[in-house]
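Here is the structure we will look at, set down as C-alpha cells.
The values are calculated or read from the model by the stated rules, or taken from the named source; none is laboratory data. Please read all numbers here as calculations on a predicted model, not as lab measurements. Cβ atoms come from the backbone with ideal geometry, glycine included; neighbour counts cover every protein chain shown. Calculation scope for accessible area: heavy atoms of the full protein, side chains included, ligands and nucleic acids excluded. Shrake-Rupley method; radii C 1.70, N 1.55, O 1.52, S 1.80 Å.
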Amino acid sequence: MRRTKQDAQKTYDAILNASAALFAEKCISNVSLEEIAKAANVTRGAIYWHFKNKGEIFNALHESVFQPLSEIILQDLHSEEEAPLQLLSNLCVKLLLDITQDTSKRQMMTLFLLHWNYTGDIAKYKEPHLAKKEESLQLFAKYFEKAKADGTLPECADPMFLTISVRCYLKGIIIEYLNNPESIDLEKNAEHLIVQFFRQFNV
C-alpha cells in the first residue's frame, strides 16, 4: 500500500508527540526508540524513515517550539493595529495559557526546561540551539525597539535588557508551574501575572 504525504505527516506527528511525552517523563537518555515506536503505535522502521536517532527527534521537537513562536513575533512586528508592548503582553499570556491547555506543549516545556542536557545523541545540537536562543532574544527585543521608537519607552531604555527580564520572568513562572502545578492556578492567573509585570511599561 502506497503511503501518502498525509500518512507520512501523521506518522511524523505521532513520533514527535510520543517522544515529547516519554522524554518529559523519563529524560532522553532513559528512552529507547523501541519505546517511542510502541507509544506512537508505529514500527521502528517508520521512525528511521523520518529520523536517524533520538538526537534528530529532539531537534525536531526543539524546532516545533521555536519556529511557530518566531512566526507569531514576525507577524506582530508587522502589525500597526496594536501597540508593540501590548502585543508582547498578549503573546506572554498566550505562552502561559498554552502550557496549561495543551498537553504536548506542557510536555515539551518540561523537557526543555527540566529534563535534558546536551550529551550523547543531542550534544551536536548545543551550538545550533544556542544560536536559536540568541535569534529568539533578538526577535523579542524588537518589541521593545519598536516601543522605544514610537515613544512608549524612554530613550534610555535598553531593549535587550528588558527582553532578558521578560524571559527570566516567564521562565520562572513556567518552571514553578511545571514543578508544582498546585502552587499556582496558571490558567486563572496568567493574564494577571503578565499585566502586573507589564504595568511598569504603562501597558
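Descriptive notes on the structure:
- Test: residue in region 48-65 that is among the small types (G, A, S), in contact with a Gly (Cβ under 9 Å, 6 or more places away or on another chain) and either within 30 Å of Q138 (Cα to Cα) or surrounded by fewer than 17 Cβ atoms within 10 Å (Cβ to Cβ) (or both): yes
- Among residues that are in contact with a Phe, Trp or Tyr (Cβ under 6 Å, 6 or more places away or on another chain) and β-branched (V, I, T), T152 is not included.
- Condition broken by I122, with the remaining ones in (1) open to solvent by less than 20 Å² (accessible area, probe 1.4 Å); (2) on the phi > 0 side of the Ramachandran plot satisfied: (2)
- Candidates in region 152-183 are the residues that are over 19 Å from L91 (Cα atoms) and under 20 Å from the mean Cα position of the chain (by Cα); of these, the one that is surrounded by the most Cβ atoms within 10 Å (Cβ to Cβ) is L178.
- Only one entry of K52, K5, K38 meets the criterion of being over 27 Å from Y177 (Cβ atoms) and modelled with pLDDT of 95 or more, and that entry is K38.
- Long-range neighbours under 7 Å by Cβ, at least six apart or interchain, first residue over 15 Å from E56 (Cα atoms) and assigned by TED's automatic domain parsing to the domain that holds A123 within region 23-40, second at pLDDT below 90 and part of a helix (DSSP H, G or I): none
- Filter pass, K94 being open to solvent by 60 Å² or more (accessible area, probe 1.4 Å) and either in contact with a Lys or Arg (Cβ under 6 Å, 6 or more places away or on another chain) or under 24 Å from Y177 (Cβ atoms) (or both): yes
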